1. Tell me, please, whether a residue that is more than 24 Å from Gly10 (Cβ to Cβ), touching a Lys or Arg at 6+ places or on another chain (Cβ under 7 Å) and surrounded by 14 or more Cβ atoms within 10 Å (Cβ to Cβ) can be found in segment 52-69.
2. Filter segment 108-140 down to residues that are under 16 Å from Arg174 (Cβ atoms) and basic (Lys, Arg), then give me how many there are.
3. Name, by its number, the condition in (1) under 26 Å from Ala187 (Cβ atoms); (2) small (Gly, Ala, Ser); (3) surrounded by 14 or more Cβ atoms within 10 Å (Cβ to Cβ) that does not hold for Ala75.
4. Give segment 1-30 a look and list any residue that's of a type in the set (Asp, Glu), surrounded by fewer than 20 Cβ atoms within 10 Å (Cβ to Cβ) and outside any loop (DSSP other than H, G, I, E, B), or say none.
5. Starting from segment 83-100, take each residue that is touching a residue at least 24 places away in the same chain (Cβ under 8 Å) and list its partners that are of a type in the set (Ser, Thr, Tyr) and open to solvent by 10 Å² or more (accessible area, probe 1.4 Å), counting only C-beta distances under 7 angstrom and pairs at least six apart or across chains.
6. Would you check which residues across segment 60-97 are under 23 Å from Ala34 (Cβ atoms) and part of a loop (DSSP other than H, G, I, E, B) and list them?
7. Of the residues that make up segment 31-38, is at least one closer than 23 Å to Leu140 by Cβ and buried (at least 16 other Cβ atoms within 10 Å of the Cβ)?
8. Could you identify the single residue in Leu78, Leu74 that is over 19 Å from Phe129 (Cβ atoms), of a type in the set (A, V, I, L, M), free of Cβ contacts under 8 Å to residues at least 60 places away in the same chain and touching a strand residue (DSSP E or B) at 6+ places or on another chain (Cβ under 7 Å)?
Amino acid sequence: MTEIWFIRHGETDWNHQRRLQGWQDIALNATGRAQAARLATRLGNPPAPPAFDALYSSDLQRAQHTAEPLAQALALRLRTEPGMRERAYGVLEGLALDDIDRLAPEAAAAWKSRDPLRELEGGETLGQFQSRILSTVEDLAARHAGQRIVVVTHGGALDIIWRRASGVALNGPREVPLLNVSINRVAVARPDWRILGWGDVAHVQQPAGDDVQP
């Protein structure tokens, strides 16, 4: 079994504006940088610090810059893992939620459908995204069997991970939030995944809002 602490990146301006980011390499805003610092303090200086064996991050800067203070606090080398990127949203990237039906109606309908096979112009199908995230997590777990690791990733990835560990279908209702800099702990062991804790944002006074996953 591998215990993985999945952490969503800190806030960006596009989070605040409710724009779909996908593979766009958007930087943290001032709030996000402050959140990353608080996260590092939380995990680096608790009363009884947990021992972590490795630290990974998506290769997008909003995840890497969230992980960098944590790497210093935990004295761990930060390793980037492109497989933990957000879903590629194609023509929807950069659009505000209020505008997607008007500006890209076909792509918006595909995204909202939660159909794993439905094409999304210029992006990944939901099924392709699911396969990428699950295979990457399984690979990380195999590399670190019996260890505890941290992975900084994205809201869409957390949605896939929660569904796998909870047994909820891709088109089923999600009962948990996907908050910026939240700590989400999962035990990964084939064939079973188990949620140990979810949505812990005790280290930030005012957590940023939920994601924009349908």
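The values are calculated or read from the model by the stated rules, or taken from the named source; none is laboratory data. All of these numbers come straight from a predicted model, not from anything done at the bench. All Cβ positions, glycine included, derive from the backbone under ideal geometry; neighbour counts span all protein chains shown. Side chains are part of the model used for accessible areas, which takes the heavy atoms of the whole protein and leaves out ligands, DNA and RNA. Shrake-Rupley method; radii C 1.70, N 1.55, O 1.52, S 1.80 Å.
1. Within segment 52-69 (the criterion being more than 24 Å from Gly10 (Cβ to Cβ), touching a Lys or Arg at 6+ places or on another chain (Cβ under 7 Å) and surrounded by 14 or more Cβ atoms within 10 Å (Cβ to Cβ)), the answer is no, since none of the residues qualifies.
2. 2
3. Every condition holds for Ala75 apart from (3).
4. Asp13
5. So the pair list comes out as Gly83/Thr136; Met84/Thr136.
6. Leu60, Ala75, Leu76, Glu86
7. Taking segment 31-38 and keeping what is closer than 23 Å to Leu140 by Cβ, we get 36.
Within this subset, residues satisfying the condition of being buried (at least 16 other Cβ atoms within 10 Å of the Cβ) are 36.
For segment 31-38, residues closer than 23 Å to Leu140 by Cβ and buried (at least 16 other Cβ atoms within 10 Å of the Cβ): present.
8. None of the other options fit; the residue is Leu78.
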